[in-house]
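A.B. asks: The structure that follows is given in the form of structure tokens.
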Amino acid sequence: MAAPSRLISRLTLVTGGGSGIGRAVCQRFASEGASVVVADLSEASAIETLGSLSCDQRGQDHMASVVDVSSKESVENLVTSIQCRYFQPPSVCVNAAGITQDDFLLRMQEEHFDRVVQVNLKGSFLVTQAVARALVSCGAPKGSIITVGSIVGKVGNIGQANYASSKAGVEALSRTAAKELSRSGIRCNCVLPGFISTPMTEKVPEKVISKMTSLVPLGRMGEPHEVADVCAFLASDDSSYITGASIEVTGGLFIG
Ligand code: NAD
């Protein structure tokens, strides 16, 4: 079945667009008619994603850009460069950039805690703030900001004190942004993936993966496109009355 075309003429920004879930989001948005800015710390990965994007709609114009979401200067440069090229800010933004640096709480080094929080939480704050400021100052009628959290932000996870804290933080950030920005027509929501097959989870030992998979009611890991499907819904007007929400994409892991 052909993908719907809900994002025609929409300018979209996806951080972490060079890999995994972010790449699948870029591909889904492009297939629904959006112009996509693929932003990633890795230029080579962003360019690889760019090369995979469909361009079937008239006026669709994608670009790849390097950004370090944990740097205010880098994020501001990104948003400025988008406005210079497209003469508008992105009306859809997906915060998918993220890292893990796992260790047990008793052993976790302070710099590993700080780095994960800087990228996952502060990065989502900086990008959300920069995009929202640009949308408000140009008087855009609507916007949709989607942040990729994680189910472990709700339930915790052994070895991920830093990561789970950062992901709990992005949900609170997104709900607060939803309250403040609704008057400007900007909706803010989270998706909370469970275990999804991406380069991030390739690092997890096979033993742990099979134990986790056995706990998933649907009996398997998720695919990046299954998270991208939900992001496309939240980006589109099909979710026009949804803000401040978190949608779990977990195959039923940790229901209840
Ligand atoms: P991934 O490692 O495949 O992709 C992450 C991307 O983020 C990479 O391309 C990387 O270069 C980029 N990135 C890292 N640091 C950055 C920075 N400072 N600035 C800009 N880009 C940066 O991982 P993924 O599994 O696709 O994860 C995407 C998001 O989904 C992350 O936020 C992750 O925490 C979240 N998530 C993933 C899973 C999963 O099971 N894979 C589960 C829950 C949540």
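A.B. asks: At 15 angstrom or more along the helix axis (alpha-carbon based) and mean Kyte-Doolittle of -0.5 or higher, what helices does the chain contain? Whole DSSP H runs only.
C.D. replies: Helices meeting the span and hydropathy rule in the chain are 20-31, 72-86, 123-137, 161-181, 224-235.
A.B. asks: Need one number: nm distance between label points at A245 and E73, each 7 Å from Cα along Cα→Cβ, rounded to one decimal.
C.D. replies: Result: 4.1 nm between the two label points.
A.B. asks: With r as the distance between the Cβ atoms of A172 and F254 and R0 = 25 Å, compute the FRET efficiency 1/(1 + (r/R0)^6) and round to 0.05.
C.D. replies: 0.85
A.B. asks: What is the calculated FRET efficiency for K154 to E48, with r their C-beta to C-beta distance and R₀ = 30 Å, to the nearest 0.05?
C.D. replies: It comes out at approximately 0.40.
A.B. asks: Order these peptides, 93-102, 165-174, 215-224, by their mean beta-carbon neighbour count within 10 angstrom, highest first.
C.D. replies: Top of the packing list down: 93-102, 165-174, 215-224.
A.B. asks: Restricting things to alpha carbons, tell me how big region 129-218 is in terms of Rg and Dmax, in Å.
C.D. replies: When restricted to the Cα atoms of region 129-218, Rg and Dmax are 16.6, 51 Å.
A.B. asks: What whole number of Å gives the distance from the Cα centroid of region 81-157 to the Cα centroid of region 38-55?
C.D. replies: 18 Å
A.B. asks: Where does each of 154-162, 45-53 land if you order them by average Cβ count within 10 Å, highest first?
C.D. replies: The densest-packed peptide leads the list: 45-53, 154-162.
A.B. asks: Less than 30 Å apart at the alpha-carbon level, and either on another chain or at least 8 residues along: which lysines does that give for K179?
C.D. replies: Straight-distance partners of K179: K72, K122, K142, K154, K167.
A.B. asks: Which ordering of H112, H225, H62 is given by a fewest-first count of other beta-carbon atoms within 10 Å?
C.D. replies: H225, H112, H62
A.B. asks: Quick one: compute the contact order of region 11-243, relative version, from alpha carbon pairs under 8 angstrom and 6+ residues apart, as a percent.
C.D. replies: Relative contact order of region 11-243: 20 percent.
A.B. asks: Convex hull over the Cα atoms of the chain, averaged projected area in nm²?
C.D. replies: 13.5 nm²
FYI, it's all coordinate maths here, none of it is from the lab. In this text, all values refer to a predicted model and were calculated from it rather than measured experimentally. Positions of Cβ are backbone-derived with ideal geometry, glycine not excepted, and every protein chain shown enters the neighbour counts.
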